[in-house]
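Notes follow once the structure below has been shown.
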Amino acid sequence: MSLDPALPGAAPERRFLRLALANRSFLIGCAITLMIAGMALLSFFWTPYDITNLTVADRLKGLSSSHLLGTDHLGRDILSMIMIGARNSIAVAIVAVVIGMGIGVPLGAWAAARGGLVDEVLMRFNDLVFAFPALLSAIMITAIFGPGALNAIIAIGIFNVPVFARVARAGALSIWPREFTLAARAAGKSKALITIEHILPNITALLLVQGTIQFALGILAEAGLSYLGLGAQPPMPSWGRMLFEAQTRMIVAPHLAIFPGLAIVVTVLGLNLLGDGLRDLLDPRLRRQR
Amino acid sequence: MTAYLAKRLAIGLVTLIVASAVVFCVLEIVPGDPALLMLGMNAEPEALATLREQMGLNQPILLRYLDWVSGMAVGDFGRSYTYSSPVIDLIGERVLVSLPLAIMALVLSTVIALSVGIFAAARRGRPADTMVMGVAQVGVAIPNFWFALLLIYLFAVWLRLVPAGGFPGWGAGVWPAIKALIMPAVALALPQAAILARVTRSAMLEVLGEDYIRTARAKGMPRRIVLWHHALRNALIPVLTILGLQFSFLLAGTIIIENVFYLPGLGRLVFQAITQRDLIVVEGVVMLLVASIVLVNILVDIGYAIVDPRLRTRR
C-alpha cells in the first residue's frame, strides 16, 4: 500500500488508525462483532439462567424484568439460549472459513503460480462446485452423514473452498507480474518460496475481506441448516433451531420468533459492515470511488 | 455468435456429465442399503437378495451409472423406492409448484433490485440513497426463512389476508394457487433483491463516471434517457453475473422456504427423500437442479452477448 498523499510523513499504522476511526462501517461493524463475540465468550462463564434447568411453570412467558426476552416452551430463558447459540453459530462459521482458506488459498496460489494445465483443471473444478446449489449439497452432506454441528461445518467449509481459491488466484495473478516478484525470480528463488514470501503477504487484505463475507454467509447457512434440523442437535441451542421451534407457537408467543432472528440479522449485519469497512481501508483504489 | 453459443453449450454438457458422476459416487458411499430400508430390518435374506437383484444393486457400479445416465437422457429417472412410482412423475408434480415459485421470486427480486439500484445511483450521496442502501444493507443480513416467519405472522396470523402455508393445487383454480405462492415468493425475493440492488447501484455508479455519459449529457441529452439507455445497458453485465449466481441460491432457498410454508415442491421432495434414503429420487432431483443452473448460466452468457455486442465476435 502506498502512502496517501494527503497525509505526508505519517507512519502507516497511525494513518491506518486515523482512517479506521473515520470509517463508519468499520466502526459500527467492529462494535457489533465484538459485542456478539463478547456475548458468546461471556456465556462460557455466566448466563442469566441455567438452560439445562427446565421450569415448565415458567413456559412461554413474555418479556419481563426476570426474563428480559421471555421464555420458550420448556421454560428456558431466551436470552441465555441466544447467548449460548452465539457460540455455536460463531464456531461453525469460523471453522468453515478456516477450512475454506486452508484448502482454497493454497490451491488458488498454486494455480496462479503454475498456470497452464494445473490452472485450467483447478478452475474448471471450481466452476463445477459452483454449479451445485451450495445449500442443497450441504443438506445432502448433513442428511447423509448425519445431522450435527461437525457435519454442518464440513458442508459449509467445502463450499468456502472454491470461493477462496478463486480470490487467492485472482489476487496472486495480479501480484506475479510486479517488479519485486521478478527480482525474486532473478535472485533464483523458487515459485513456492516467492508465493510464501511475496504473494501471500500481498493478498492478505483481499483474503481478510473475503473471510468476513464468508463468515457472515456461514452464519446464515448454519442457521438454515439448523432450522431444517440438520445443524447442532438439542440440547445445544442454536438460533436456527430456536426459530423452527418458534414457528408452531408463533400465535401464542411471537417473541419466540423475533429474538433469535434478530440475533442472526445483527450478527450478519455487523460482519458485513466490518467487511465493507475493511475493504475500504485496505484497498485505496476502491476508497476513492465512493 | 454460433461459435460462442456452441462453446457455452459444450461447457454446460461437460459440467452435467461430471456432475452426474459426482452425484452418483457421493450417493454410492452413503451408509444404508436401499433394499434393506424398503423391507425393514427383519427382512428374510432371500427376499432381500431378490429385491437387490430386481433393483439392479448387484450389477457393477459402472454399469449402473451408465444405465442411470442413459435412462435420464430419455426422461427415465428410475422408480422411487418409497413412493413406488416413477421419479419423473414425482418430479413432474412438484415442478408445478417450485417452478412458478422460483420464477415469481426471480421476477420480483429483479424488478425491485433494478429499480431500487438505479433510483439510489441516480441520487448518489443524497439522503434517499443513504436510506435505501441502509435498508438494503439490513436486507442482505436477513435469513429468508426468518423473513418468511415474520410474513406469516403479519399477513396470515394477524391480518388473515393469505393462508399461512400449504398449497391447494392448480386444480383449485389459478388465483388460490397463486395466492398460496405470493408470500413464499416475497420471502425468497426480498433478501435476494437487497444483494442485487447493491450490485446494481455500484455498477451504475461505475458506468455513470465514464466519459461517454458525460459526453451524452454535454450534447444535451435528457438525464433520464442517459440513465436508462446509456448507463443501464452498460451496467447490466455485472448485474447479469450476479443474477445467474443468485439463481442457484434461489433454488436452494426454495428447499427451506417450501419447508416453512409446507409447499409440495421439489425442495420438500428432495429433503424428504434424503431423510428416507430414497436415493434415486435424490439423484434425479439434484441432477435436475444442476441442469437448470447450467441452463441459466448459458442463458446468462447469451444475455451478455445481447447486452454487449462486442462479445459476440469474440471466441
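A compact table of results
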read-out: Approximate spin-label separation A:L193-B:L245, in nm, with each point projected 7 Å along Cα-to-Cβ; value: 3.7 nm
read-out: For region B:1-146, alpha-carbon Rg relative to the globular expectation (2.2 N^0.38 Å, N residues); value: 1.66
read-out: Peptide A:263-272 - average C-beta neighbours from other chains (10 Å radius); value: 3
read-out: Angle between chain B longest axis and helix B:279-307 axis [Cα atoms, degrees, rounded to 10]; value: 20 degrees
read-out: Within chain A, helix-based [θ] at 222 nm, where runs of 4 or more DSSP H residues each add -39,500 (n - 2.57), nearest 500; value: -24000 deg cm²/dmol
read-out: Neighbouring partner chain Cβ atoms per residue of B:249-260, average, 10 Å criterion; value: 4
read-out: Efficiency of FRET from Cβ geometry, B:R214 and A:F125, R₀ 56 Å, rounded to 0.05; value: 0.80
read-out: Separation of the B:L66 and B:L154 label points, Cα + 7 Å toward Cβ, nm; value: 5.7 nm
read-out: Long-range amide H partners of B:R79 with built H, under 5 Å; value: B:V87
read-out: Residues in region A:54-84 that a label on A:L42 would reach, taking backbone N under 19 Å of a point 7 Å out along Cα→Cβ; value: A:63-71, A:77-84
read-out: Theoretical gain in end-to-end length, B:R79 to B:V307 [0.36 nm per residue, Cα-Cα removed]; value: 77.7 nm
read-out: Three-way shape label, chain A, alpha-carbon gyration tensor, a/c 1.5; value: oblate
read-out: Footprinting exposure proxy for A:E13, A:E222, A:E245 (fewest neighbouring C-beta atoms within 10 Å first); value: A:E13, A:E245, A:E222
read-out: Descending semi-axes in Å of region B:2-73, equivalent ellipsoid built from Cα gyration tensor; value: 36, 12, 8
read-out: Cβ neighbours within 10 Å from other chains - mean over B:136-144; value: 6
read-out: On Cα atoms only, tilt of B:45-54 relative to the major axis of chain B in degrees; value: 50 degrees
read-out: For region A:24-29, 3J(HN,Hα) per residue [Karplus equation, 6.51 cos²θ - 1.76 cosθ + 1.60, θ = phi - 60°, Hz, x = Gly/Pro]; value: 5, 4, 4, 5, 5, x
read-out: Estimated vicinal HN-Hα couplings, Hz - region A:170-177 in sequence order (Karplus 6.51, -1.76, 1.60; Gly, Pro = x); value: 4, x, 4, 4, 7, 8, 3, x
read-out: Acute angle (nearest 10 degrees) that the helix B:2-28 long axis makes with the longest principal axis of chain B, alpha-carbon atoms; value: 40 degrees
read-out: Choice from A:V268, A:V105, A:V121 showing the highest fluctuation, given a GNM over chain A with Cα pairs closer than 10 Å; value: A:V121
read-out: Per-selection metrics, the protein assembly as shown (Cα): Rg and Dmax in Å; value: 26.0, 86
read-out: Sorted by Cβ neighbour density within 10 Å, fewest at the top, the residues A:S137, B:S109; value: A:S137, B:S109
read-out: Residue-wise HN-Hα coupling along region A:193-210, computed from phi with Karplus coefficients 6.51, -1.76, 1.60 (Hz; x: Gly, Pro); value: 5, 4, 4, 6, 7, 10, 6, 4, x, 7, 10, 4, 4, 4, 5, 4, 4, 5
read-out: Spin-label pair B:Q59/A:R114, simplified geometry with 7 Å Cα→Cβ offset, distance in nm; value: 3.6 nm
read-out: In Å, descending, principal axis extents of the Cα set of region A:45-154; value: 68, 28, 20
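Laboratory data are not the source of any read-out in this text; all were calculated from the coordinates shown. Computed from a prediction, not measured in an experiment: that's the story for all the values here. Glycine also receives a Cβ, built like all others from the backbone with ideal geometry; neighbour counts cover every protein chain displayed.
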